[in-house]
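The values are calculated or read from the model by the stated rules, or taken from the named source; none is laboratory data. Model, not experiment: these values are computed from the prediction. Cβ coordinates were reconstructed from backbone atoms using ideal geometry, including for glycine residues, and neighbour counts include every protein chain displayed.
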Amino acid sequence: MGWSIKLGRILGINVQIHLTFFLILIWGAFNFGGSDGPLYGLLVTVALFTLVFLHELGHSVAAMAYGIQVKDITLLPIGGVARLERMPEKPFQEFVVAIAGPAVNITLAIILAPLVLGLASAGSEPLALTLSSGAGLLGLLTFLLTANVSLALFNLLPAFPMDGGRIFRAVMGLFLDFERATSLAVVVGRVLAVGLGIFGIINGQFFLALI
């Protein structure tokens, strides 16, 4: 992908960031930092996009299991993209590749949940989502827990070409021909995209509307 900087290779996959990614780092430093300062905000932003990277790596590993080469994983301000050499040929393969990303986030959430609960109990601090906005280990882990759940749920929305849309197409592909399944997934995706865009504008969630 043009305008990108290569960071390295993992499992034979080029990992890179788009030049515009630095804008989200600056925004996140001040948006997530708050009273705790921009350095903490930067840490939270990097941690969030580490989850995004692991999500895309999940797709990539699943694709490689079916002999599909992965050109690269690129981090962008609105998320990440794993570029596959080709799409899976069979509906079940597409289902596995599509669900692998959210599965990574769900697995991480399951791992983080007892850690967050344990730290909250040890500190005699009532567990609440507001902890995710506080600095410190507990605050950071709470943020990562909620972020993993949010990433999984958002990506599972049946809005093609998001993961949920591809899962929807794969399931429809078991009963319909590929072209019909794709058309149906695109229609559902467009309806959801317009709906979420309007919801984001009405509620002042510019980032959601942008996505």
Check off (1) part of a helix (DSSP H, G or I); (2) surrounded by 13 or more Cβ atoms within 10 Å (Cβ to Cβ) for I73 and give me the number that stays unchecked.
-> (1)
Unique residue being surrounded by fewer than 22 Cβ atoms within 10 Å (Cβ to Cβ), within 22 Å of the chain's Cα centre (by Cα) and among the aromatic types (F, W, Y) when the list is F178, F154 | F154
Given (1) modelled with pLDDT of 90 or more; (2) surrounded by 12 or more Cβ atoms within 10 Å (Cβ to Cβ), index of the condition V187 fails = (2)
Residue count for the range 29-61, restricted to those that are without any contact (Cβ under 8 Å) to a residue 40 or more places away in the chain and hydroxyl-bearing (S, T, Y) | 3
Would you check which residues across the range 76-93 are farther than 16 Å from A103 by Cα and in a helix (DSSP H, G or I) and list them?
-> P91
Enumeration of residues in the range 160-185 that are of a type in the set (A, V, I, L, M) and farther than 20 Å from L51 by Cβ = A170, V171, M172, L174, L176, A181, L184, A185
Condition met for A100 (buried (at least 19 other Cβ atoms within 10 Å of the Cβ), of a type outside the set (F, W, Y), at pLDDT 95 or above and at negative phi) | yes
Assuming V52 fulfils every condition listed in (1) at pLDDT below 90; (2) in a helix (DSSP H, G or I) apart from one, which condition is it?
-> (1)
